[in-house]
1. Can you list the distances in nanometres, one decimal and ascending, from the A:Gln215 label point to the identical position in each other copy, with the point 7 Å along Cα to Cβ?
2. Given a Förster distance of 25 Å, report the FRET efficiency between A:Leu205 and B:Phe292 from their Cβ-Cβ distance, rounded to the nearest 0.05.
3. What residues of the stretch A:239-254 lose no less than 50 Å² of accessible area with every protein chain in place versus their chain by itself (probe 1.4 Å, heavy atoms only)?
4. May I ask which of B:Lys256/B:Lys359; B:Lys256/B:Lys356; A:Lys356/B:Lys195; A:Lys199/A:Lys359; A:Lys294/B:Lys195 have a Cα-Cα span longer than 20 Å here?
5. Could you tally the net charge around B:Arg334, taking each other residue with its Cβ under 11 Å from the Cβ of B:Arg334, Lys/Arg +1 and Asp/Glu -1?
6. With Cβ to Cβ distances under 9 Å as the rule, what net charge do the other residues near A:Arg462 carry (K, R +1; D, E -1)?
7. Of all the residues in chain A, which one has the C-beta that comes nearest the axis relating A to B, and what is the distance in Å?
8. Along Cα→Cβ at 7 Å, what distances in nm separate the A:Gln241 label point from those on the other copies, shortest first?
There are 2 protein chains.
Amino acid sequence: MHRIAVHLRSALTQAQHLPIVPLHHPRLASHVLPVVRLSSVTSEPHPLTRLSAAASEHVTCCSLISHHVTTPVRRCSDLRAKFSHEVKLARVSSLPEQKMLEVEWAEGGRSIYPWLWLRDNCQCDQCFHPVSLSRTSFLQDLDLNVAPKSFELTEDGFTLSIHWTDGHSSRHEAPWLHVRAFQAEQRRARDLVHKIPRKFWPPQLPEANWEEVMQSDASLLQWLLLLETYGLVVMKSAPQQQGRIRELAERVAFVKRTHYGEDFSVIVKPDPSNVAYSNKTLALHLDLPYYFYKPGVQFIHFVRQHEGVGGESQVSDALEVAHTLREEHPQHFRLLSSVPVDWVDHANEDGRQYFKALKMPVICLESDGETIWRINFSQPQRDSYFSACPVEDVHAWYAALKAFHDLLYDPRFCRTFKMPPGTVLTLDNLRVTHGRMGFPDSDDVHRHVDGCYVDWDEVRSRRRVLADTLGADITQGL
Amino acid sequence: MHRIAVHLRSALTQAQHLPIVPLHHPRLASHVLPVVRLSSVTSEPHPLTRLSAAASEHVTCCSLISHHVTTPVRRCSDLRAKFSHEVKLARVSSLPEQKMLEVEWAEGGRSIYPWLWLRDNCQCDQCFHPVSLSRTSFLQDLDLNVAPKSFELTEDGFTLSIHWTDGHSSRHEAPWLHVRAFQAEQRRARDLVHKIPRKFWPPQLPEANWEEVMQSDASLLQWLLLLETYGLVVMKSAPQQQGRIRELAERVAFVKRTHYGEDFSVIVKPDPSNVAYSNKTLALHLDLPYYFYKPGVQFIHFVRQHEGVGGESQVSDALEVAHTLREEHPQHFRLLSSVPVDWVDHANEDGRQYFKALKMPVICLESDGETIWRINFSQPQRDSYFSACPVEDVHAWYAALKAFHDLLYDPRFCRTFKMPPGTVLTLDNLRVTHGRMGFPDSDDVHRHVDGCYVDWDEVRSRRRVLADTLGADITQGL
């Protein structure tokens, strides 16, 4: 038995079905659509195809939600292609020169698929395991010279059958093929499953609400999308009790442990092993730059806040600052993105010593040499070893670092505010710098901050599952 | 009070001191030297300098081991520079054109240090925190135009004092400066603190012993060095009880959690969410390629082993195979190292769904475009989406993948053996492929494998702390 979630742009049919999960954020509202569940529809094959044919023009996407682990979860995202029209195949032909098949869609347009890819991705029970949703065929059995002996379409245009020269037969369904087309549009949609595009901050920083995030999957998704897009969300109505921050992490997935533990408290300690555990000003920085696997998302929970002067938070988007640096001072950008810096930390935790060390530039680019994937910036954890910078570049590198620092504090980018108790700053630790103003050190000062990390691998995984389950249309980004 | 560990190449003086920690591995023995502790030496400043002056020519390196957290741990590695001769400064002069100071060493040779670097790394109590071992000065206070007003050496040549135009005064000690010289030799030594060079496998695979690793820090270090060098160590004399693998992980640091949990058991399950949980053959693969932060080191603990035919382990060093591929088939290498592959996993664990997805090539290069840092290879977790490969390259890419696969299984690289119960395979999951032969599925077959991961960040940290504590000389590699 399947349930089917249909997502409607029109309010017309909403009243007929329950439950409707509204999404509050204005930027999100136009893209993430109300979820309407039709219960207990059918156990027929291809229920979505049949449903979408019957549905009104207001239906823009569907997703199949599984009751049973034996129903491929992947179908959720796969079949959510374009059900405003039925996806059907009209014609298939072979292009032996290119070793490809070309299909023509009923709605118009063509796509080409390499033979080897089709054979490698045979979806039969022998080649593909429907529970683990993974390939079970062996690469050693893949014949590089395999070719279709014959192929045909079913009458409804839904299934392409191929009989191969290696004796095997495959069946591929039209929607499955459609979302995997090697064309730009389908690839862009898949890109969004992988990563949500980042944007720079709007005038008002994105916000979320602890209670809503804890109770509503739609609010949880909304917060995660904001976090992935902007790298920072201020979360309100959190508890004013210590030790609660794990609840937020576990609402997402699980905590990323570091040598400072899983969740930790930032309170004034004598002889601290990290300068954060003092009452001093912390300059803008990103945490743990000496980790190759630098924790991805940071939660800073303000359990108690000092009420007098001091203790204000500062944040600045190092991603936007780096882009600005590239425009305004390309030479500085070149140095900061090419010169490896030694990052280091010596810590004692749970009676064990840690000695972390990493060489990595301040601005780290992806292999395209263009996209910024990670910023490292932390005055305390920059080592006195500077063991990969050509000595003649050292002075220019410092000038670049200082320029980057000054831009981080530029009022165009830096925001200063005091987080009240019962709020959580949620941050992309690969992108957003944070700091705090110093505060008095006396018995009257009670400032207690809890923190923990969750990696982007887990955050994005949760976002994907939620987007599938709720049928959220994230193809437009935020 | 300090203790001093002196490491002697000569057996001559060993008998005079206790305890001596012998290291067993023949490759290691010539480089990691016996540790000799001289207890309760002195609380004078610069005890090492004084000691090394008094020591025989057999003393090749020293390290200072701290009793108290208030004694900088960093000194362990710092001061272990070159104490066969005393490190002293003979002369200092300014190079105003380059904005550098040039020092001449008492033992001969010169080094240059940029003014800005010297000022930035002032080691006074105001600029540097001796407990957290980190910089406490603020970048905003660093004057890019700072210059020495004057400078002088102490009479013993140990300390360089600089009076700066910004009014501040710094003191830098000779050994501190020496190990941070911007010359190739010192930089190479520091590189080894960061990473141990990798080597291809010797005819007999490296081995370790569970009991020894659990009880001796020297054996622990030896195992970690072998693991970092060869990417694979077979560990013997492990317990034949389930749930014990965490002890090994916690001997290093702490477990890396994934969506399969912390430690996990690979036993036959009905409807497995991963093909590993079946009795089928697993082709050579690396685990979890869909994690951007792919777990670094994997422990596979053979608690029970099937005694009949089947269940053999296979391993193959994908690093060496990739190097071979680059030499023998450069076009294949180019495709596998440039075409992003979609990796995916859908899992259910603890009642929660996970949907991991990542685009990354099979062979991942560092930013130098040359060094291989990570291999991704897993037939089940390669997605049917292939959303970043130009369609016209698909066929050639499959040919490259098949060639890589065939090389992995080439008898030059692939080793097949059966792990007895009570052994642990320890693997670099960024480098070494592993697989297993299928085994019968019946009530008579009892095969139970436990596993967990620890990240390289933590493994290398532990190796550094141990190398410092034991005073191991890792400057030659293994």
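The values are calculated or read from the model by the stated rules, or taken from the named source; none is laboratory data. Computed from a prediction, not measured in an experiment: that's the story for all the values here. Cβ atoms come from the backbone with ideal geometry, glycine included; neighbour counts cover every protein chain shown. These accessible areas exclude ligands, DNA and RNA; they are computed on the full protein's heavy atoms, side chains included. Shrake-Rupley method; radii C 1.70, N 1.55, O 1.52, S 1.80 Å.
1. 5.9
2. In this case the efficiency is close to 0.45.
3. A:Phe254
4. B:Lys256/B:Lys359; A:Lys199/A:Lys359
5. Summing Lys and Arg as +1 and Asp and Glu as -1 gives 0.
6. Details: positive: A:Arg251, A:Arg460, A:Arg463, A:Arg464, B:Arg352; negative: A:Glu458.
Its environment carries a net charge of +4.
7. Here the nearest residue and distance are A:Tyr293, 2.
8. Listed shortest first, these distances are 3.7 nm.
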